[in-house]
Amino acid sequence: MASDSSFSSGGNPMAQALAQARSAAEDFTKMFSEMKFPAVPDMEAVMTAHRRNMEALSAANRIALEGAQAVARRHMEIMQQTMTELTETMRMLASVDAPQEKAAKQAELLKSAYERAVQNAREIGDLIQKSNGEALALLNKRFTDAMDEIKGLMDKAKHSA
């Protein structure tokens with residue numbers, strides 16, 4: 001019986017733990033009920049902004065892909081042109097008999113090939129830069145717009161609170 005009375009009294013460790021847990025839960029609830037949280041923004045506006053973000057990302061990816069395809073196409077054209085020119089060069093060098101003429105022709109062809117290679121590399125670089133610039137400009141614009149939207153949502157939530 002003494003043990004039964006100890007369960008009802010404050011001497012039971014389990015009862016004490018439950019009482020402390022109940023007290024902590026009440027304190028926690030009271031603390032959070034008194035806290036001021038910012039108003040939850042308009043979820044429709046948040047979803048619309050998220051949709052715009054996804055559309056901008058998709059458009060930037062499309063621009064990057066189109067740029068990569070343009071670079072690949074141009075690279076293939078350059079390779080075909082180079083192979084055609086190489087074939088012509090081999091024919092020309094085979095028809096030249098004198099060693100001095102051959103050396104002069106080789107120097108001329110080497111200079112021409114180098115200039116074309118530099119021009120082609122510059123053209124490929126410009127294509128890549130243009131594509132990346134367009135995609136980045138689109139993402140920068142969307143980021144700026146998104147920050148304005150967030151500011152507007154926060155201002156709206158602040159004024160409605």
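The Kirkwood hydrodynamic radius of the chain, based on inverse pair distances between different Cα atoms, is 24.0 Å. Residue order for 155, 42, fewest other beta carbons within 10 angstrom first, comes to 155, 42. Note on the chain: with charges restricted to the Cβ of Lys and Arg (+1) and Asp and Glu (-1), its dipole about the Cα centre is near 140 debye.
Only helices enter the 222 nm calculation for the chain: every DSSP H run of n ≥ 4 contributes -39,500 (n - 2.57), and dividing by all residues gives -33000 deg cm²/dmol, rounded to 500. Computed about its Cα centre, the charge dipole of region 94-137 is approximately 60 debye, with only Lys, Arg, Asp and Glu carrying charge at their Cβ. For region 73-161, the normalised intensity computed at q = 0.11 Å⁻¹ comes to -0.57 (log10 of I(q)/I(0), Debye sum over alpha carbons, equal scatterers, no solvent).
Across region 59-161, how many lysine pairs, 8 or more positions apart or on different chains, have C-alpha atoms separated by under 23 Å? Please give the number. Close lysine pairs found across region 59-161: 4.
Each value in this text was obtained by applying a stated rule to the coordinates, not by laboratory testing. Keep in mind the model is a prediction, meaning the values are calculated, not measured. Virtual Cβ from ideal backbone geometry, glycine too; neighbours counted across all protein chains shown.
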